[in-house]
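Some notes on the structure that comes next.
The values are calculated or read from the model by the stated rules, or taken from the named source; none is laboratory data. None of the values given here were measured: they were computed from a predicted structure. Cβ coordinates were reconstructed from backbone atoms using ideal geometry, including for glycine residues, and neighbour counts include every protein chain displayed. Just so you know, the surface numbers come from the protein's heavy atoms only, side chains and all, with ligands and any DNA or RNA stripped out. Shrake-Rupley method; radii C 1.70, N 1.55, O 1.52, S 1.80 Å.
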Amino acid sequence: MSDLSFEQMLDESFKTIHNGEVVEGTVIDVKEDEIILNIGYKADGIITRSEYTNDSGVDLRELVHVNDKMDAKVLKVNDGDGQVVLTYKRLAAEKGNKRLEEAFNSQEILTAPVVQVLKGGLSAVVEGTRVFIPASLVSDTYEKNLEKYNGQEIEFIITEFNPRRRRIIGDRKQILVARKAQMQKELFERIQPGDVVDGVVKNVTDFGAFVDLGGADGLLHISEMSWGHVENPKKVFKVGQKLTVLIKDINGSKIALSLKFADQNPWINAEEKYAKDSIVEGRVARMTDFGAFIELEPGIDALLHVSQISRTHVDKPSDILKVGQMIEAKVVDFNGEDHKISLSMKAIENRVPAREAVPVEEAPEAEAIEEAPAETEAPAVNEAEGAAETEATAAEEAESAAETEA
């Protein structure tokens, strides 16, 4: 018969545990600020709210449920009341630190959610351990507002690991720079001048727009935005707008873009439409002291010199014309090679526009009646002229007879 008491035998039937040991348990009860675990020991394990999370206001009943299984680390085998004090938070931090140390050594790219936006950067959590990403390392471009990253999963690498000083630094910028460099290399390997590619407007300035081609930005200068005249690029393009552009030139890492496609050049058929001596219509696009530029169509401007505005003297075009005004003029010179057209309003100043003339068949009857006497008066004039001629002939015959008698 054993000399051990019942209590001793009961104690031996349970496993032994030690401070610092990691144990697995099953949740048997959850309170607002406390979790009770069955850890297979003679006493239950207790995890207080402060040893589960850093959030002092959270209700543990919303996070943990009966029958959940979890690992915890033993802080005290006996808290004085016969219970085992456990920590979940510290064990998770140790696991997270180990994971981050491995990632730091191997320069592994980690993915984690942003849990907080701070004044100087972002805070992400990897397996319960916080990683700080400074604002200067969040992106490869300046980020004025970091709030857009809150709650998002981002990629980064660990560039500094010092858990004792609680200094674990992440870097997202390095990943973006490396990827962009690879994309840029691939882009320049496949494009050449004359190619037509798709892009997205990244930024718009007064002199042009920068278009992201996927690895590099190209400049769409204001002079290449249209065959017509563009006064303000910001009124034409918006950030995020998709464009199909022509690669005009590549100079090192600089890419010049254009929207002036050759098959859309308005000068292709201009010689037929605006031949010399033809009458054309156009809009006053802009004016100078020496004349006005008339837009005949987008991409084709003609010069109306100040001397050709009117038969009367004109000091400056703005005395007679206004920007946006529609005018009619005659083409007095066409130079397709230099893309120059000269106009004259003076040449047709007394001309009645065809659209204002009244067709003969539509003339009022009253006008026809008034014109009738003019047609009947013509013979009377002829008869008077005939009578005068008869009298002159008679006089000549009388004078001849007198000479004969003499």
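Identify, from the list 16, 48, the residue that is surrounded by 13 or more Cβ atoms within 10 Å (Cβ to Cβ) and hydroxyl-bearing (Ser, Thr, Tyr). I'd like the intermediate steps shown before the answer.
Numbers: 16 fails: surrounded by 13 or more Cβ atoms within 10 Å (Cβ to Cβ).
Residue meeting the stated conditions: 48.
Tell me, yes or no, whether the range 149-170 has at least one residue that is part of a helix (DSSP H, G or I) and touching a Ser or Thr at 6+ places or on another chain (Cβ under 7 Å). Within the range 149-170, none of the residues are part of a helix (DSSP H, G or I) and touching a Ser or Thr at 6+ places or on another chain (Cβ under 7 Å).
Among the residues of the range 110-129, what is the count of those that are touching a helix residue (DSSP H, G or I) at 6+ places or on another chain (Cβ under 6 Å) and either open to solvent by 70 Å² or more (accessible area, probe 1.4 Å) or farther than 28 Å from residue 215 by Cβ (or both)? Spell out the reasoning first.
Going through the range 110-129, the residues touching a helix residue (DSSP H, G or I) at 6+ places or on another chain (Cβ under 6 Å) turn out to be 110, 114, 117, 120-122, 126-129.
Okay, now just the ones that are also either open to solvent by 70 Å² or more (accessible area, probe 1.4 Å) or farther than 28 Å from residue 215 by Cβ (or both), so 117, 120, 126-129.
Here the count works out to 6.
For the range 100-117, which residues satisfy the criterion of being touching a residue at least 12 places away in the same chain (Cβ under 8 Å) and over 12 Å from residue 156 (Cβ atoms)? Working first, answer last.
Taking the range 100-117 as the starting set, the residues that turn out to be touching a residue at least 12 places away in the same chain (Cβ under 8 Å) are 100-101, 103-104, 107-117.
Answer for the range 100-117, where residues must be touching a residue at least 12 places away in the same chain (Cβ under 8 Å) and over 12 Å from residue 156 (Cβ atoms): 101, 115, 116, 117.
Search the range 234-272 for residues being hydroxyl-bearing (Ser, Thr, Tyr) and in a strand (DSSP E or B), and hand back the single one that is surrounded by the fewest Cβ atoms within 10 Å (Cβ to Cβ). It comes out as 244. Residue-level check: of (1) under 17 Å from the mean Cα position of the chain (by Cα); (2) at pLDDT 95 or above, residue 255 misses just (1).
Which condition number in (1) closer than 30 Å to residue 259 by Cβ; (2) exposed (fewer than 15 other Cβ atoms within 10 Å of the Cβ) is the one that residue 150 fails? Failed condition: (1). Applying the condition of being in a helix (DSSP H, G or I) and within 30 Å of residue 270 (Cβ to Cβ) to the range 182-233 and asking which residue is least open to solvent (accessible area, probe 1.4 Å) yields 233. Considering (1) within 22 Å of the chain's Cα centre (by Cα); (2) at pLDDT below 90, the lone condition that residue 269 does not fulfil carries the number (1). Residue-level check: of (1) surrounded by 19 or more Cβ atoms within 10 Å (Cβ to Cβ); (2) of a type outside the set (S, T, N, Q); (3) assigned to a strand (DSSP E or B), residue 28 misses just (1). Residue-level check: of (1) open to solvent by 50 Å² or more (accessible area, probe 1.4 Å); (2) in contact with a strand residue (DSSP E or B) (Cβ under 9 Å, 6 or more places away or on another chain); (3) farther than 21 Å from residue 106 by Cα, residue 132 misses just (3).
Would you say residue 312 is exposed (fewer than 12 other Cβ atoms within 10 Å of the Cβ) and at pLDDT 95 or above? So residue 312 does not fit the description; no.
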